[in-house]
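Take a look at the structure below.
Any read-out appearing in this document is the output of simple, stated calculations on the displayed coordinates, not a laboratory observation. From a predicted model like this one, the values you see are computed outputs, not experimental measurements. Note that we place each Cβ from the backbone using ideal geometry, even for glycine, and neighbour counts take in every protein chain shown.
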Amino acid sequence: MVDFNKITEGVIQGDSTVTLALVRAALDSSIPAKDILEKGLIPGIKKVGDLFGAGEYFLPELLVSGEAMLDAVKILEPELAKGDIPPKGKFLIGTVQGDVHDIGKNIVVMMLKGNGWKVTDLGVDLSPEAFCSAVKEGDYDIVGLSALLTMTMPSAVQTLEALKVAGLRDKVKVVIGGAPVTKEWADEIGFDGFASDANEAVRISEALIT
């Protein structure tokens, strides 16, 4: 009998070796990949997010737990694909023009993937036109903008305006996050959501599509 709690604990502890061994053992025992993901891995990464938000975990712990989670998800992906399990949603993300910082964005990507989202990461220093082109070509539910510098916040505004001008604004929900960004500012500009951390990004994104 597979103990999903042990898989959860492996993620919380950031122990890739234990987590991967347990996930492989579960698959070998014919446990559905969907169950392993939803009952073992996702509760683990959600707990990690809660600990990070509470100040009990810090960036190093968050990163190692995220790596354990993503390594396990990679093992499950072929089986999940066989089951034709739809992703929770499709998320496009990138850092706005003039900003090459990506650690915050990468953590959000990690958390979203761990919670069942299909994520397309465009990278850093992206022009408004780059975001518009990606939205036009893809079928995304949410676009996430990352702005880690105060001086690049105007680029986020320009990206939102560019989506409006291109007739794409109503096609997606647009959320933003980053150290200098506040909820009040995001609301004033007209973003659909603001997240102060990766855990909140997951919660807000799920709320926006339900």
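Annotations for the structure displayed:
- Pairs beyond 19 Å (Cα-Cα), from Lys118/Lys173; Lys113/Lys171; Lys90/Lys113; Lys88/Lys173: Lys113/Lys171
- For region 90-208, the alpha carbon convex hull comes to 83 Å³ per residue, rounded to a whole number.
- Sequence-distant aspartates and glutamates (8 or more away, or on other chains) whose Cα lies within less than 12 Å of Lys136: Asp170
- Likely footprinting exposure, Thr182, Thr8, fewest C-beta neighbours within 10 Å first: Thr182, Thr8
- Among the trypsin sites (Lys or Arg not before Pro) found in region 24-105, not one is both in a DSSP coil and sparsely packed, with 16 or fewer other Cβ atoms within 10 Å of its Cβ.
- When each of Val165, Val157, Val181 is scored by the number of other beta-carbon atoms lying within 10 Å, the sequence from fewest to most is Val165, Val157, Val181.
- Taken over region 4-82, the convex hull of the Cα atoms encloses 70 Å³ per residue.
- For the chain, the ratio of Cα radius of gyration to the globular rule of thumb 2.2 N^0.38 Å stands at 1.05.
- Among the listed pairs Lys34/Lys183; Lys46/Lys82; Lys6/Lys82, those whose Cα-Cα separation exceeds 31 Å are Lys34/Lys183.
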